[in-house]
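Below you'll find the structure, written out as structure tokens, and then a few comments.
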Amino acid sequence: MGSFTEEQQDLQPERVKELVEGDEVQLVDIREDYEHEAGRIAGDRHIVMDQLTREVDSLDRDRPLVFYCRTGSRSAVAVEAFRGAGFDAYHLDGGLVAWVERGLPLEPEGGEIAPH
């Protein structure tokens, strides 16, 4: 397999799961608080999208970032901004909806995808 940085910015759910389980990325959920509370990917960090600029210094520039949201549209915007600022950034293609469609788990047990 090629290096992680050679991948497209849109990562499939199974690839994100593999990267998170291998502790190779910082997984950031940029959805609203109520969305995160309803259901999320284990091991993520929650930073609401409109707070990303305030939290940028708390993110490790030496580790790739994978952003996710409900369907991927918000996270795609975050990726563009962070790549423009020099980060190695990616997003979960199709967002949490695609994650669940692939049968991948949510936290807490019985978690669900909240409407946006």
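The values are calculated or read from the model by the stated rules, or taken from the named source; none is laboratory data. Just so we're clear, the structure is a prediction, and the values are computed from it rather than from any experiment. Note: ideal-geometry Cβ built from the backbone for every residue, glycine included; neighbour counts use all protein chains shown.
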Considering residues of segment 66-88 that are within 14 Å of residue 53 (Cβ to Cβ) and of a type in the set (A, V, I, L, M) only, the residue surrounded by the fewest Cβ atoms within 10 Å (Cβ to Cβ): 85
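Could you look through segment 5-40, keep only residues that are part of a strand (DSSP E or B) and of a type outside the set (A, V, I, L, M), and pick out the one that is modelled with the lowest pLDDT?
So the residue we want is 10.
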State whether the residues of segment 52-64 include one that is among the hydrophobic types (A, V, I, L, M, F, W, C), part of a helix (DSSP H, G or I) and touching a residue at least 60 places away in the same chain (Cβ under 8 Å). no
Kindly indicate whether residue 57 is more than 20 Å from residue 9 (Cα to Cα) and not polar (S, T, N, Q). yes
Are any residues in segment 25-36 surrounded by 13 or more Cβ atoms within 10 Å (Cβ to Cβ) and in contact (Cβ under 8 Å) with a residue 40 or more places away in the chain, and if so, which ones? 25, 26, 27, 28, 29, 30, 31, 32, 35
